[in-house]
Amino acid sequence: MQEILQYLKKNNGERMDLDIAKATGIPLESVRRHVTGLAATGQIITCRLTKYVDGKTIEGWSCRVSGYIPPAAPGRKPKAGK
């Protein structure tokens with residue numbers, strides 16, 4: 001489970017379960033079981049996700065680290081309205 005958590009922290013905090021399985025070499029069913037355990041303890045947040053890539057439907061879980069705020073994008077920021 002720690003391998004999955006470290007992977008999410010290293011990769012901007014959010015990835016799909018399919019990507020986690022491919023990158024870590026852990027079978028998809030094991031990733032989903034570990035993700036369920038991490039979500040139960042509040043270490044990560046999951047939601048069901050459906051993506052459409054080249055006309056194909058890809059269903060999976062989107063997983064992200066709880067409380068993670070990605071760094072601000074570089075560049076100019078919009079001015080506050082008056």
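Only the coordinates and a few stated rules stand behind these numbers; no lab work does. Because the structure is predicted, anything quoted here is derived from the model rather than measured. No Cβ is skipped: glycine too gets one built from the backbone with ideal geometry, and neighbour counts run over all protein chains shown.
Within region 52-68, the set of residues being free of Cβ contacts under 8 Å to residues at least 24 places away in the same chain and either surrounded by 14 or more Cβ atoms within 10 Å (Cβ to Cβ) or within 13 Å of residue 1 (Cβ to Cβ) (or both) is empty.
Only one of 38, 28, 5 is of a type in the set (A, V, I, L, M), touching a helix residue (DSSP H, G or I) at 6+ places or on another chain (Cβ under 7 Å) and free of Cβ contacts under 8 Å to residues at least 12 places away in the same chain. Can you tell me which?
28
Screening residue 16 on (1) within 13 Å of residue 5 (Cβ to Cβ); (2) in contact with a Ser or Thr (Cβ under 7 Å, 6 or more places away or on another chain); (3) of a type in the set (A, V, I, L, M) shows it passes everything except condition (1). Of all residues in region 32-51, those satisfying the criterion of being surrounded by 12 or more Cβ atoms within 10 Å (Cβ to Cβ) and more than 9 Å from residue 63 (Cβ to Cβ) are 32, 33, 34, 36, 37, 43, 49, 51. Answer yes or no as to whether residue 62 is small (Gly, Ala, Ser), on the phi < 0 side of the Ramachandran plot, part of a helix (DSSP H, G or I) and out of contact with any Phe, Trp or Tyr (no Cβ under 7 Å at 6 or more places or on another chain). No.
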